[in-house]
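The values are calculated or read from the model by the stated rules, or taken from the named source; none is laboratory data. Everything numeric here is computed off the predicted structure, so don't read it as measured data. Counting neighbours? That spans all protein chains shown, and the Cβs are built from the backbone with ideal geometry, glycine included. Side chains are part of the model used for accessible areas, which takes the heavy atoms of the whole protein and leaves out ligands, DNA and RNA. Shrake-Rupley method; radii C 1.70, N 1.55, O 1.52, S 1.80 Å.
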Amino acid sequence: MGVLAIKPPALDQISLVRSAEPGGGSSSFPGVPAVDLSGPGAAAAVVDACERFGFFKVVNHGVPARVVDRLEAEAASFFARPQAEKDVSGPADPLGYGSKRIGRNGDTGWLEYLLLAVDHHQAAAVSKAGSPVPSSSLLREAVSEYVGAVRGVAARVLEAVAEGLGVAPRDALSGMVSGAASDGVLRVNHYPPCPLLQRLPDSCSVTGFGEHTDPQLVSVLRSNGTPGLQLALRDGRWVPVPPDRDAFFVIVGDSLEVLTNGRLKSVRHRVVANSLKPRVSMIYFAGPAPEQRIAPLPELLGHGEQGVYREFTWGDYKKAAYRSRLGDNRLDPFRRR
Ligand code: GA4
C-alpha cells in the first residue's frame, strides 16, 4: 500500500495501475497485426488476429482523413468549453457528457467523454431538459458523418470474420449491426494530461479508463497520436498499443465471443493517463438490435453440441452489463457449467 500513501489528493477516487512493461514487455508479442481489408487473404488475417489477440488494426480503410479530422477538431472544441457548459450535456446516464465517472456503479477514470446513441435516426443523445446532446450542431454533423463511415468499417470486418470462419451468408454477422434497429454507440473520450503522474514511481500509472471487455460484437477505435491504450495478452500480460492516427483498431467484444462459441474471444483492454499530452479517442461500438438473439452460429457448433454460453438477447445482456462494474467478467454468469 506504499503507493497509495503518496497518492496526490487530486487523484482521489481514481485508482493506480501497475505499468505495462515498456516495449511490450514480451518477446512473444510480435506487435499489433495490421490488416488491409481489401487485400488478398484479409478474411484469414482477420480471423487469425481475432483468435490470437482479439485485436488488430485496419490500414488502408478508405475513410477520408477529413472525416476523422473534422470530428477530432469538433470534439476538441467541445472539451475546451467551460465546465459549466459541458455539464449541461450530462451526467452520462447512460448517454451524454461524463467526467471521471464511468457507468453507474462507482468506476472512475482520468477522463471526460461524450457517449452518444448513433442509430439510423439520430446521432446524438437528449439531455434531461429535452435538448440535443451535444448542443453544437457542427459536432452533431461531424458525428453523423464519422459514424456513417466507421459503421462501414465494422460491417467489412464482420463480413471478413464470417468469410474467414466459413459462415454463410456473408452478412450473417454484419447484418446484425447494420439494421435500422441496431444499437450503435459512439464514445468520444478526452484524457487530459495528468502532470501529477510525474510524482509517481515509474512502475505506476494512473487509470484513464479501467480494464474491461466491450459487450458488443466489435468496437472500432481511432485515437490521436498520444499513447495510453493497453491490451491484455491471452496469458494476462499487459502490452502497450502504439498509437496510429491513420488506422482503426478493432476490438473483439463479448457478443462476438458468444456468436463464435468462444473461437474468437473478447479482449481486456484499458487506458492509462499520460503526463504531458492529451489523448482523444473515438470508439464506435457495433451493437445489434435489442431483440437480437446472441447464440453460436450454427456452422460453429458440431452436431448435437451445446454452446459454451447460454444464449441471451442483446437487450438482456446490455441490462446486465449496466448493473456490473467495469472490470467484471460479464460473460462468466452465462457460461454453461
Ligand atoms: C464498456 C464499453 C463501452 O465504453 C460502453 C461502456 C458502458 C458505459 O460507459 O456506460 C459501461 C461499460 C461499457 C460496461 C459495463 C458498464 C457499462 C460502463 C459500465 C461500468 C459504452 C458499453 O457499452 O459498455
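Quick look at the numbers
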| quantity | calculated |
| --- | --- |
| Long-range amide H partners of SER19 with built H, under 5 Å | CYS204, SER205 |
| Environment charge of ASP254, counting only residues whose C-beta is closer than 12 Å and scoring Lys/Arg +1, Asp/Glu -1 | +1 |
| Rounded accessible area per residue of the stretch 248-298, 1.4 Å, Å² | 27 |
| Accessible area per residue, Å², the stretch 59-179 with all protein chains present, probe 1.4 Å | 44 |
| Residues with amide H under 5 Å from that of ARG279, placed H, sequence gap 5 or more | TYR191 |
| Distant alpha-carbon pairs in the chain (separation over 24 angstrom), percent | 54 |
| Loop trypsin sites (Lys or Arg not before Pro), the stretch 153-201 (other Cβ atoms within 10 Å of the site Cβ: 14 or fewer; DSSP) | ARG170 |
| Stretchable slack from LEU196 to LEU276, in nm (0.36 nm times residue separation minus alpha-carbon distance) | 27.8 nm |
| Using θ = phi - 60° and Karplus 6.51 cos²θ - 1.76 cosθ + 1.60, couplings along the stretch 255-269 (whole Hz; Gly, Pro as x) | 5, 5, 4, 5, 4, 9, 6, x, 5, 9, 10, 5, 10, 6, 8 |
| Accessible surface of the chain [probe 1.4 Å, protein heavy atoms]: carbon and sulfur percent | 53 |
| Extension reserve of the SER136-GLU299 stretch, reckoned as 0.36 nm per residue once the Cα distance is removed | 54.0 nm |
| Selected from ALA20, ALA162, ALA80 as most flexible by GNM, with the chain as the system and alpha-carbon contacts under 10 Å | ALA80 |
| q = 0.13, 0.18, 0.20 Å⁻¹, the stretch 226-314: log10 I(q)/I(0) [Debye, one scatterer per Cα] | -0.59, -0.91, -1.01 |
| GNM top mover of ASN189, ASN105, ASN274 - the chain, alpha-carbon springs below 10 Å | ASN105 |
| Among ALA65, ALA49, ALA321, residue whose mean-square fluctuation peaks in a GNM of the chain (springs only between Cα atoms under 10 Å) | ALA65 |
| Length added when fully stretched, ARG337-ARG245, from 0.36 nm per residue minus Cα-Cα | 28.8 nm |
| Ellipticity estimate at 222 nm from DSSP helix runs (n ≥ 4, -39,500 (n - 2.57)) divided over the chain, nearest 500 | -7500 deg cm²/dmol |
| Calculated over the stretch 67-175: convex hull of Cα atoms, volume per residue (Å³) | 137 |
